[in-house]
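The values are calculated or read from the model by the stated rules, or taken from the named source; none is laboratory data. Everything numeric here is computed off the predicted structure, so don't read it as measured data. In this analysis, Cβ positions are derived from the backbone assuming ideal geometry, glycine residues included, and neighbour counts consider all displayed protein chains. Accessible surface areas use protein heavy atoms only, side chains included; no ligands, DNA or RNA. Shrake-Rupley method; radii C 1.70, N 1.55, O 1.52, S 1.80 Å.
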Amino acid sequence: MAQLMDPSVGRRADLPFAEDRLASGTPTPCRVLLLEDSGIDADLVREHLLMIDDHEFEVQRVETRQAFIDAVNGGGPFDLILSDFDLPDFDGMSALAIARDRLPRVPFIFVSGMLGEENAIEALKKGATDYVVKLRMERLQVVVRRALVEARDRNELADKRKALAESEARLRFALEAGRLGSWELTLSTNRLRVSSICAANLGLSDPAEISTYDRLLERVHPDDRNHQQAMVRQAVTSGMPLDMEYRTIWHDGSVHWVQVRGRAIYDKDGKPTGLAGVSLNITDRKRAEERQLLLLEELNHRVKNTLAMVQSIAKQTLRTAPSVEVFPDAFQSRLRALAQAHDLLTRRHWQGASLSEIAALTLEPHVHAGRVRVAGPPVNLTTGVAVSLHLAFHELATNAAKYGALSSESGRIDLDWEIAPRPTSLALAAASQTGTGHSSCGSTNALVLRWRESGGPPVVPPTRRGFGSRLIERGLAHELEGDVALAFDPAGVRCRLVIPLSSRVSPQ
């Protein structure tokens, strides 16, 4: 038998949820808001509620408009509202309007002493759940039970729809945050449904532009179409996940990469009916991978070049060293110069260096001592040119420190350069004056670089060419495709380089 709670007492804390109570066979708790000004009629309602033995009712009775509004605003929570139709300071239709506005899910049943089909029809039109005449109070049991069951079903359905909508919203948010487009292919009709992001991954603003699988294939790069179709067939026939990458061609002719993942959909008989999945534009990743591959190839090339240069330095140093004992110092000095150039280029991310930086790197100790003057306009050098010039400056500075201008207190070096037209007769003039020279054809404009020593001991021309001389006269001229003139003048060593301007040597 149902138990009626005192209106002033709240719901018992030990009552389990309605689903648990139904499963255990115990009565389902139900809190009722009763709007009734008559105490006798209120007791009559309670008596009939007692006859509903599968529910346990807690009835909160209010009599006035303000008390009803306060109860509704408090939110209850109420499972059922029962209301008289006519009250001294209030009417049931106004109560119905308030309840529908504040508690739209709660069943609202009129229990009225007023007869009249018109009242009942009007109440139902306004949103009442049912209308019970007090003269036929026995109907209340059936009406209440039905209203509670229907309300529970409606609420469960509404909760499920809300949860589904929230889940779909979270899914859409996750897809958009990850730039993932969704798609679904129906095999029987070849119909393709795609999201706006999926269309954007193919360079399209309207998903309707790829409404079929054939329209999608038109966007696929011709070299990738067979692979794309083969992967789709494999996913349908084998049940394996679909995971592939292919190129697409956008309206502007640009090529982009798309990654597609999905699974086949089957009916109850195990027959494949479609495919569904997601797509992602991976063009940036593919370009990054291509850049990384180029960097690895460039690194491999630089390592090989560096090893070849080290091997050449070792052979030449050993060949020109007067004794085995002096070889380690000379070889290590040249390796340090090579390492310095690599350190500078690494700091510049191997994007080359300026001529001023290369000169300062080699001559910095002597510049600070006031022994070297460096001047010239800004000139950019690529990595290979920068390394070659640094090694050449290192050999000239080393020779000057041992035998030339930097070996005495009064000696000095002037290193300057300019951009000037390249003389066509420079190589011949240099060869006739010094007995050495190298000439190559190139641009009519050139970088003209001069190294001049003065104030040092008298220079005696060497009887044989050492590593430094060969590096400058042959290696540097070949590497820079320029003209080199190296003279051992008694007043000081002179070196003049004329390097054609190009993408490797260019003014800023």
Run the quick spin-label model on Leu164 and Lys126: label points 7 Å from Cα toward the beta carbon, then report their separation in nm to one decimal.
3.4 nm
What residues of the stretch 123-152 lie in the reach of a label at Glu47, counting those whose backbone N is under 20 Å from a point 7 Å from the Cα along Cα→Cβ?
132-145
Quick one: of Lys126/Lys162; Lys134/Lys160; Lys160/Lys268, which pairs are farther than 29 Å apart, Cα to Cα?
Lys134/Lys160
Give me the percent of the accessible area of the stretch 224-304 that comes from carbon and sulfur atoms, probe 1.4 Å, all protein chains in place.
55 percent
Whole-percent carbon and sulfur share, accessible surface of the stretch 34-109, 1.4 Å
49 percent
Under a point-charge model restricted to the Cβ atoms of Lys and Arg (+1) and Asp and Glu (-1), what is the dipole moment magnitude of the stretch 193-304 relative to its Cα centre, in debye to the nearest 20?
280 debye
Provide the FRET efficiency to the nearest 0.05 for the Ser188-Leu135 pair, computing r from the beta carbons and using R0 = 45 Å.
0.15
For the stretch 21-97, what is the relative contact order in percent, using Cα pairs closer than 8 Å and at least 6 residues apart in sequence?
39 percent
In terms of the Cα gyration tensor, with a ≥ b ≥ c the square roots of its eigenvalues, is the stretch 33-112 rounded because a/c is under 1.5, prolate because a/b exceeds b/c, or oblate?
oblate
Mean Cβ neighbour count within 10 Å, used as a protection proxy, ranking 51-57, 258-264, 156-162, 218-224 highest first:
258-264, 51-57, 218-224, 156-162
